[in-house]
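Each remark here refers to the structure printed beneath this line.
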Amino acid sequence: MTDLEREMRACFDFFYNECSLSENGYGLIRDRWPGHPDMASIAGVGFGLAAYCIGAEYGYVSFSAVDERVRRTFETLEKLDRFKGFYRHFYNMNTGEPFRCEVSTIDTAILLLGVHTAGNYFGGEIRKSADKLEQSVEWSEFLRPDNIFHMAYDEKRGFFAKWDEYAEQLMMYVLAAASQSYHVGKEAYYAFTRTYGKYKDIEYIYTYNGSLFTHQYSQAFIDFKGRRDKNGTDWFINAVNATRAAKAFCIDDAVNHPTYNENCWGLTACDTPRGYVGNQGNPPCGGDGKAALSLGVVPPAGALGSLPFCPDDALKALDYYCSLQKATGKYGLCDAFSTEIDWYAENVICIDKGITLVQAANLKDGFVWKVFNDERIARALDELEIKRYND
């Protein structure tokens with residue numbers, strides 16, 4: 001068994017084992033292990049649904065076992081507290097009650113990516129349940145007058161924050177264009193800001209915090225390869241260049257952080273000795289170039305979430321990570337580490353396990369891309385004028 005196969009199986013085992021089987025929280029996925037035993041991530045459920053498809057396809061578990069789990073997970077999703085169809089960021093694993101947190105557009109979108117994937121893979125009644133969940137999300141209600149999506153909602157602040165720059169939200173425009181009940185067209189997709197920058201000679205549209213996950217999450221499900229929008233943007237090539245820049249930056253920054261090297265790179269949101277940091281990343285970035293932090297901590301999901309973009313580099317990184325005995329445990333690679341200070345994260349985090357597993361399956365045979373990208377998604381991409389090209 002290769003390092004990649006071992007890591008894929010370990011990621012699947014996380015989602016299969018750290019899933020609630022309680023009556024009211026059935027199917028909810030633990031946000032992190034072993035910490036926060038009661039907290040479930042709704043985005044983690046999206047990755048978990050994709051993981052079940054991967055597990056059934058590659059023989060990790062029987063089709064019938066995960067078919068039943070997906071069906072019952074959908075029943076839970078229909079019962080959870082929502083606002084205009086959108087889910088809270090976190091729920092209690094056992095009771096299904098929401099934690100005191102925001103209603104999140106992006107976490108709902110990641111959930112829907114998994115819902116759509118599972119609906120297509122299992123078909124039948126599960127496909128009908130997936131359609132019901134997808135059509136219940138009121139995308140148009142979260143759209144501002146300037147065609148920018150709100151990020152979130154809570155009872156005290158109402159709608160707050162906005163997706164006004166390029167980041168991981170590409171998925172939202174495709175899902176909203178695919179919606180029949182609360183359709184949002186191409187005006188929203190062309191409304192957010194695209195900002196070009198360079199790291200050395202590598203040019204690409206960058207994100208505010210410079211974290212690699214912002215280039216990975218949408219493309220883990222939606223196959224943008226060989227497509228270009230009416231402005232000439234190829235998001236797949238953009239992610240390739242962002243990954244190349246991420247590696248080049250770590251090689252250069254090794255003088256400050258010796259953990260980094262040519263096979264140890266890829267800054268993204270992760271656990272650190274100072275807690276969870278969402279803006280670990282590299283320049284170019286927002287905030288006059290100061291928004292991204294380089295802390296000398298390497299999350300394996302940074303490189304592994306880019307497996308389809310720069311496979312040779314990412315696989316070499318995987319081999320290096322697996323050579324570090326302290327970096328591996330029950331569910332494969334730890335969330336992050338620093339050899340410089342001999343620190344290894346105690347937890348694994350569901351979304352980092354999820355992006356690793358889904359992108360590994362896409363590298364293997366394009367599995368998630370093939371299952372997710374049906375005629376409905378193709379029509380949405382065409383409506384957004386993100387069209388195939390042959391050159």
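The values are calculated or read from the model by the stated rules, or taken from the named source; none is laboratory data. From a predicted model like this one, the values you see are computed outputs, not experimental measurements. Neighbour counts run over all protein chains shown; Cβ positions are idealised from the backbone, glycine included. These accessible areas exclude ligands, DNA and RNA; they are computed on the full protein's heavy atoms, side chains included. Shrake-Rupley method; radii C 1.70, N 1.55, O 1.52, S 1.80 Å.
On the chain, 47 percent of the accessible area sits on carbon and sulfur atoms, based on a 1.4 Å probe.
Counting pairs of alpha carbon atoms under 8 Å apart in space and at least six apart in sequence, what relative contact order in percent does the chain give? Mind showing how you got there, number by number?
On the way: 793 pairs, mean separation 70.7, N = 391.
Across the chain, relative contact order equals 18 percent.
Coupling constants for region 111-128 follow from the phi torsions by the Karplus curve (6.51 cos²θ - 1.76 cosθ + 1.60, θ = phi - 60°), and in residue order they are 4, 5, 4, x, 4, 5, 4, 5, x, 5, 6, 8, x, x, 5, 5, 5, 5 Hz; glycine and proline get x.
Placing unit charges on C-beta atoms (Lys and Arg positive, Asp and Glu negative, everything else neutral), compute the dipole magnitude of the chain about its Cα centre in debye, rounded to 20. Intermediate values should be presented prior to the final figure.
Details: 41 positive and 54 negative charges, 70 e Å.
That gives a dipole near 340 debye.
Once backbone amide H atoms are built at 1.01 Å from N, Thr272 has Val277 as its partners under 5 Å, excluding neighbours fewer than 5 places away on the same chain. Calculation over all alpha carbon pairs of region 172-278 in 10 angstrom steps from 0 returns a P(r) of 13, 38, 31, 14, 4, 0 percent. Do any trypsin sites (Lys or Arg not before Pro) in region 276-340 lie in a loop, going by DSSP, with at most 14 other beta-carbon atoms within 10 Å of their beta carbon, and if so which? Passing sites in region 276-340 are Lys290, Lys330.
Taking a 1.4 Å probe, which of Arg71, Arg157, Arg82, Arg30 shows the most accessible area, and what order do the others take after it?
Details: Arg71 95, Arg157 150, Arg82 70, Arg30 30 Å².
Most to least solvent-accessible, the answer reads Arg157, Arg71, Arg82, Arg30.
Using bins of 5 Å that start at zero, the share of Cα-Cα pairs per bin across region 111-192 amounts to 3, 15, 23, 22, 17, 12, 7, 2, 0, in whole %.
In the list [x] 26.1; [y] 20.1; [z] 17.9, the label attached to mean projected area of the Cα convex hull in nm² as derived from the coordinates here is [z]. Only protein heavy atoms count here; on that basis, with a 1.4 Å probe, Leu293 has an accessible area of about 50 Å². The residues of the chain present an accessible area of 39 Å² per residue when probed at 1.4 Å with all protein chains retained.
In the structure shown, do any of Lys84/Lys353; Lys316/Lys353; Lys128/Lys230; Lys162/Lys247; Lys132/Lys364; Lys162/Lys186 have a Cα-Cα gap over 26 Å, and if so which?
Lys84/Lys353; Lys128/Lys230; Lys162/Lys247; Lys132/Lys364
What do you get for chymotrypsin sites (Phe, Trp or Tyr not before Pro) in region 180-261 restricted to DSSP loop and a cutoff of at most 16 other Cβ within 10 Å of the site's Cβ?
Working: sites: Tyr182, Tyr189, Tyr190, Phe192, Tyr196, Tyr199, Tyr204, Tyr206, Tyr208, Phe213, Tyr217, Phe221, Phe224, Trp235, Phe236, Phe249, Tyr260; in loops: Tyr182, Tyr190, Phe192, Tyr206, Tyr208, Tyr217, Phe221, Phe224, Tyr260.
Passing sites in region 180-261 are Tyr190.
Grab the other residues whose beta carbon is less than 10 angstrom from that of Ala301, score K and R as +1, D and E as -1, and report the net. Once all neighbours under 10 Å are counted, the net charge is -1.
Calculated over region 1-112, the projected area of the Cα convex hull averaged across directions stands at 7.0 nm².
Over the chain, dividing the summed -39,500 (n - 2.57) contributions of all DSSP H runs of at least 4 residues by the number of residues returns a 222 nm mean residue ellipticity of -13000 deg cm²/dmol.
Using 0.36 nm per residue and subtracting the Cα-Cα separation, the extra length available between Asn17 and Asn147 on full extension is 42.7 nm.
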